[in-house]
Amino acid sequence: MQLLENISIKPYTTFGIEAKARFFAEITSVDQLKKIFQEPKVAGLPFMPIGGGSNMLFTADFNGVIFRMGIKGISVTKLDDDYSLVTGNAGEEWDAFVNWCVSHGYAGVENLSLIPGMVGSCPIQNIGAYGVEVADVIEYLTVYDKETGEIVTLQNAECKFGYRDSIFKHEAKGRYVILSVTFKLAHHPAFHTKYGAITTELDAMGITTLSIDAIRKAVIAIRSRKIPDPFVIGNAGSFFKNPTVGADHYSRLKAEYPTIIAFSLPTGSFKLAAGWLIEQCGWKGYRKGDAGVHAYQALVLVNYGTATGHEIISLADEIMLSVFNTFGVHLDMEVNII
Ligand code: EPU
């Protein structure tokens, strides 16, 4: 393991924004991970593990140690005729892992195809798409506890998963390094096609017999059209969360804006499509310098090349203010700001 100094982390994040790490290392084993915490040169400095760097926006240099989790490997334990436990180590690329599961006939993650990032980061923001979240299929995680130096198991319930949320964003922030994630996947798939766009896409593809492979292909087709490829235009997927409003607020909005897009929640509240709100405020396709709002999906902020973290944040602030002034709705950022 090499501990590098003063390294640009631009290539390690999907936003592609220039910032430096005082120290940087690639970690490919648990032994290396333990060693880095004992390294005298970095004693007292903050540590930050990164995976694919797909949900972070750097607004300043990081005066600490960034280490990229590169521990690879996939293993399977058959539970019974219906389910297997499939474990992906933290450094497996997420979509390669999904592809592996689909091609080996393990069902449950196919709707989450083509999401950038690594297996080890997927629980942090409970990645989700097209009616499925990883929380639906995660059984447990193994993590390195920086406070005790032990490797421990966290069961699904202990992670307190919510919409784009988990303990790793709150009380456990900075405490654990995720080493592996174990999913309970099905041998006989239950297909999740209730999200309209999937059914439409499958029809357009001429699919008459459903399979997890067909769902993966449909999701890849939809995502490729809507969400810019971070290798081409810097971005971190949805920049904001879809906000929730109470029933009264929703009925006032619906009366004034009949085409508003919303989903009712079991709590009686409504989740609004933030992309629609932002588009209505005229931001879709907006560009100022190299910071912009994607032309096909207003929830995605983009870096056309040399935008700074501050330029992206200042655009985000302007968007939040105009959505609030128009709809009285507060948007929360989904991306981790550093
Ligand atoms: N919409 C607009 N204008 C836009 C964008 C969207 O009117 O500019 C409308 C769409 O037409 C649709 C609705 O808003 O009726 C929802 O749009 P979409 O299906 O694209 O999903 P989303 O709510 O914008 C969420 C997730 C995505 C995930 C998709 C598909 C969040 C914050 N984002 O986006 O996740 O891929 O659903 O399930 O929940 C991510 O988190 O980074 C991410 C990409």
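Here Val232 fulfils each of the conditions (1) within 14 Å of the ligand (Cβ to nearest atom); (2) within 25 Å of the chain's Cα centre (by Cα); (3) part of a loop (DSSP other than H, G, I, E, B); (4) not aromatic (Phe, Trp, Tyr) apart from (1).
Of all residues in the stretch 298-336, those being away from the ligand (no atom under 16 Å from the Cβ) and farther than 20 Å from Lys254 by Cβ number 13. Just so you know, in the stretch 304-321 the residues that are in contact with a strand residue (DSSP E or B) (Cβ under 6 Å, 6 or more places away or on another chain) and open to solvent by less than 60 Å² (accessible area, probe 1.4 Å) include one that is farthest from Val232 (Cα to Cα), and it is Leu315. Assessment of the stretch 125-133 against the conditions (away from the ligand (no atom under 16 Å from the Cβ), in the same structural domain as Asn111 (by TED's automatic domain parsing) and either modelled with pLDDT of 95 or more or open to solvent by 30 Å² or more (accessible area, probe 1.4 Å) (or both)) yields no matching residue.
When residues in the stretch 320-338 are screened for being in a helix (DSSP H, G or I), of a type in the set (S, T, N, Q) and touching a residue at least 40 places away in the same chain (Cβ under 8 Å), 2 of them pass.
Let's see how each residue does on (1) open to solvent by less than 40 Å² (accessible area, probe 1.4 Å); (2) at negative phi; (3) outside the structural domain of Asp80 (by TED's automatic domain parsing); (4) not small (Gly, Ala, Ser):
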site: Val181; (1), (2), (3), (4): yes, yes, no, yes
site: Arg216; (1), (2), (3), (4): yes, yes, yes, yes
site: Phe239; (1), (2), (3), (4): yes, yes, yes, yes
site: Val245; (1), (2), (3), (4): yes, yes, yes, yes
site: Ser269; (1), (2), (3), (4): yes, yes, yes, no
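Which residues, taken from the stretch 119-139, are in contact (Cβ under 8 Å) with a residue 60 or more places away in the chain and out of contact with any Phe, Trp or Tyr (no Cβ under 6 Å at 6 or more places or on another chain)? Within the stretch 119-139, Gly120, Ser121, Gln125, Ala129, Val132 qualify.
The values are calculated or read from the model by the stated rules, or taken from the named source; none is laboratory data. This structure is a prediction, so every number in the text was calculated from the model and none was measured. We place every Cβ from the backbone using ideal geometry, glycine too, and count neighbours over all the protein chains shown. Surface areas here come from the heavy atoms of the whole protein model, side chains and all, with no ligands, DNA or RNA. Shrake-Rupley method; radii C 1.70, N 1.55, O 1.52, S 1.80 Å.
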